[in-house]
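Heads up, the thing below is written out as structure tokens.
The values are calculated or read from the model by the stated rules, or taken from the named source; none is laboratory data. Only a predicted model underlies this, so the values are computations on that prediction, with no experimental measurement involved. Note: ideal-geometry Cβ built from the backbone for every residue, glycine included; neighbour counts use all protein chains shown. Note: accessible area is taken over every heavy atom of the protein model, side chains too, but ligands, DNA and RNA are not part of it. Shrake-Rupley method; radii C 1.70, N 1.55, O 1.52, S 1.80 Å.
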Amino acid sequence: MTLPIYDRLSKPRAALSFHMPTHNFGKALREYPISAKMDVTELFDTDNLHNAAGIIAQSQQKAAKLWGAQNAYYLVNGSSCGVMAMVGAFCSEGDTIIADRYSHRSLCSALVFSGARAKWVRPFVEKGIWCAVDCASLRRAVVQNPRARAIFITAPNYFGMMGDISEYAKIAHEAGMALLVDAAHGAHFGLAESLPPSPMHLGADAAVVGAHKTLNSLTQSAILLSNVKNERMEHLLTMYQSTSPSYLLLSSLDVAVEKAAESLMWDDAVNRVREVFGTERAMGNARYRDPLRLLVDARAEDLRKRFSIEAECECCGKTVCIVSTTHTEQELMRLKHAVKQLPHCTAADVTPPVLKSAVTPREAFFAKKKKVRPEAAVGRICAKDVFAYPPGVPVALCGEIIDESAAAMAEEFWICE
């Protein structure tokens with residue numbers, strides 16, 4: 001009998017992990033192991049995620065208090081479903097949302113589902129690394145789109161950079177708009193003095209945090225935090241999430257929230273990183289930088305093949321390594337030693353363009369379409385989103401007019417007929 005997935009994942013892994021999920025092959029869950037006996041359904045004593053009033057509600061209330069939010073909603077379909085519910089809660093058919101162009105593809109899905117249109121603000125780029133949205137650029141976008149319903153910002157981004165959220169909130173609220181933050185990579189922000197503050201502490205109206213990315217919970221678990229009571233958001237969550245939510249994921253979220261409150265654990269991890277790698281300052285106009293996300297000058301493939309170190313990804317001439325609370329000083333030294341022995345990454349400009357929009361993403365998504373070669377796509381309307389991976393930011397989105405720079409970044413396109 002052949003079990004390709006089970007057999008592969010059952011084998012011991014000798015590689016040193018600096019990637020998601022940060023429970024590090026279960027090391028962070030040894031104190032509270034998650035087992036199949038917890039794989040239950042909605043019983044008389046297990047509560048209901050879609051109408052939480054018991055144990056799930058108790059845990060969510062603890063999470064809300066931890067991040068300084070009024071409400072917390074556990075997510076079992078990843079951060080993506082939280083982004084889609086968050087955007088849909090504030091934007092409807094024909095509405096405008098001012099958005100960080102280098103946001104995750106889940107925002108693009110939210111535009112299709114909601115029928116909204118984005119007015120993009122391009123983040124500042126330094127040395128090929130995406131930093132943060134400039135406040136002056138954001139103000140101009142607000143002036144040009146005074147009827148926009150919300151501002152959407154990715155903070156921190158894939159490289160651990162976060163802009164001035166408090167100023168973004170001021171700009172949004174003065175214009176009568178909501179500030180929505182995709183903080184999927186910053187679930188740990190605000191949990192210790194050594195870490196940057198959480199967007200919720202800085203004035204965001206709602207934010208999504210990816211618990212499995214930095215909080216040691218199981219993959220696909222996340223949390224939507226909100227400072228406003230929004231019935232449509234809650235309704236959308238019941239639509240975007242499974243009607244059979246995994247209690248394994250819910251259990252891991254419960255554990256992750258409990259452990260996340262241990263501020264000394266985070267301080268110790270940050271101190272270990274600083275002792276080995278020193279302190280790196282935020283680049284460009286990014287106000288904060290994640291001290292537990294290292295950008296190293298070595299190719300991810302070389303780290304894996306020569307030193308058995310698995311990094312998160314290689315992008316924009318850097319390799320991203322995520323440090324968890326389980327990493328020891330010796331493991332960090334092993335990474336530092338490996339980087340010193342390897343040639344630097346070859347910097348490559350993979351900064352996607354910002355294209356003009358012809359129709360809404362929803363209109364293009366449901367239009368008749370055909371697949372063409374890149375040269376035949378120039379000047380045509382994109383009918384299927386194209387993303388640059390890693391980290392999954394848009395090259396061309398549904399409804400946008402494909403230009404030569406975008407055509408050079410993909411092997412094929414779907415266009416509206």
Would you check if there is a residue in the range 232-239 being at pLDDT 95 or above and polar (S, T, N, Q)?
yes
Members of the range 1-31 found to be surrounded by fewer than 10 Cβ atoms within 10 Å (Cβ to Cβ), among the small types (Gly, Ala, Ser) and at pLDDT 85 or above, listed by number
Ser10
Can you find a residue in the range 366-381 that is closer than 30 Å to His185 by Cα and open to solvent by 40 Å² or more (accessible area, probe 1.4 Å)?
no
Quick one: Lys37 ticks every box in (1) open to solvent by 70 Å² or more (accessible area, probe 1.4 Å); (2) under 29 Å from Glu310 (Cβ atoms) except a single one, so which number is it?
(2)
Would you point out the residue of the range 383-417, among those that are farther than 25 Å from Cys313 by Cα and aliphatic (A, V, I, L, M), that is most open to solvent (accessible area, probe 1.4 Å)?
Ile401
Is one or more of the residues making up the range 221-242 under 21 Å from Met20 (Cβ atoms), assigned to a helix (DSSP H, G or I) and free of Cβ contacts under 8 Å to residues at least 60 places away in the same chain?
no
Could you please find all residues in the range 89-120 being among the aliphatic types (A, V, I, L, M), touching a strand residue (DSSP E or B) at 6+ places or on another chain (Cβ under 7 Å) and open to solvent by less than 10 Å² (accessible area, probe 1.4 Å)?
Ile97, Ile98, Ala99, Leu107, Leu111, Ala116
Taking helices (runs of 4 or more DSSP H) that do not extend beyond the range 339-417, which have at least 2 residues that are in contact (Cβ under 8 Å) with a residue 40 or more places away in the chain?
361-365, 404-407
